[in-house]
Amino acid sequence: MEILTYIGLLFTIWMGIDCIQSKRENPFLWIFIIFLLQPIGAVIYFFKFKQGIKIPSAISGSLFNSVKETGELRTLKQQLDSVGGFYQHQEIGLYYLKHGYPELAQKHLTEAVKKNPTSLNSKYGLAKSLFAMHKFKEAASIMEEIVKEDEHFDYGQALFGLAECYRMGKDEDKATNLYAKLDQASASFQASIYYAEILDKKGKGDEALTVMKSIVERSKKLPEYKYEKEASWIKKAESFISSHT
């Protein structure tokens, strides 16, 4: 029994570290779940994020649907009961998305899009909800609509989000093309890193090395606050360069 307890503790710590390093949405909630319900919380985290398995509704209902409601959310729900309008569905959905409840967000944002198909904010939130639920192809389909209408939506994050949908959905050709576009626009070190990694995976090591060197050169011109924000990606580029030269 002591051995099993020790293994369970190590597994819990491993999942806790992964949660922090992977920058999960709403990480503090997950850290709380992992260590409060150890080792069950760690097992739930493992299957949801590491294996991409949907958590059974009986579990998700008790753990993830018990949202701490603010006065704003309660007001929106009251308005929804009496009005049932687009705005209430959108704002409730975006609230759930922001606080890490993608299943609940999807429900309301789907209704918002039905009531107002032209709302890019609702579509964007719905796509992000689907992405968080590992429904990458569905998310990509909606992101494509958004980018087609406004390629610079959310300061270019929608375009990066579409590339991520392609990457996670195993559509590497489309992902590569978008990452290349983002890299050329110097829009995101993260996009450039993924672009280089895909190139390297395809046997184009020299091209990948060029991209990584470009990241390091571009980083030298960043203001200090921006450099600190991008530090983890810059280190990845430097590590790649040192291991390939």
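Annotations for the structure displayed:
- Above-threshold pairs, the threshold being 26 Å between Cα atoms, out of Lys201/Lys235; Lys148/Lys202; Lys115/Lys170; Lys107/Lys137; Lys107/Lys148; Lys148/Lys229: Lys148/Lys202; Lys115/Lys170; Lys148/Lys229
- Test item: Cα-centred dipole of the chain, Lys/Arg +1 and Asp/Glu -1 on Cβ, debye: 200
- Per residue, the convex hull volume that the Cα atoms of segment 170-245 enclose (Å³): 84
- A Gaussian network model of the chain, with springs between Cα atoms under 10 Å, assigns the largest mean-square fluctuation among Lys128, Lys220, Lys107 to Lys220.
- Ranked Thr75, Thr110, Thr5, criterion: other C-beta atoms within 10 Å, fewest first: Thr5, Thr75, Thr110
- Loop-located GluC sites (Glu not before Pro) across segment 130-179 with a Cβ neighbour count of 14 or fewer within 10 Å are Glu151, with loop assigned by DSSP.
- Net charge in the neighbourhood of Ser239 (other residues with Cβ under 15 Å of its Cβ; Lys, Arg +1, Asp, Glu -1) is -1.
- Charge dipole of the chain about the Cα centre (unit charges at C-beta), most positive-ward option of Ser192, Ser141, Leu104: Leu104
- Positive-end residue, segment 171-245 charge dipole about Cα centroid, Cβ charges, pick of Ile234, His244, Leu178: Ile234
- Cα centroid separation, segment 74-108 to segment 224-240 (Å): 37
- Size of charge dipole - segment 126-245 - debye, nearest 20, with Cβ of Lys, Arg +1 and Asp, Glu -1, no other charges: 320
- The relative contact order of the chain, computed from alpha carbon pairs under 8 Å that lie at least 6 residues apart in sequence, is 8 percent.
- Total charge dipole magnitude, segment 79-151, about the Cα centre, Cβ charges on Lys, Arg, Asp, Glu only, Debye to nearest 20: 160
- Entry note, the chain: the mean residue ellipticity at 222 nm calculated from DSSP H runs of n ≥ 4, each adding -39500 (n - 2.57), is -23500 deg cm²/dmol after division by the residues and rounding to the nearest 500.
- Estimated FRET transfer efficiency (Arg74, Tyr155; beta-carbon r; R0 45 Å; 0.05): 0.90
- q = 0.10, 0.15, 0.19, 0.20 Å⁻¹: log10 I(q)/I(0) that the Debye formula gives for segment 92-245, counting C-alpha atoms only: -0.41, -0.82, -1.10, -1.16
Each reported figure results from applying straightforward, stated rules to the coordinates on display, with no laboratory input. Note that the coordinates shown come from a computational prediction; the quantities given were computed from them, not determined experimentally. Counting neighbours? That spans all protein chains shown, and the Cβs are built from the backbone with ideal geometry, glycine included.
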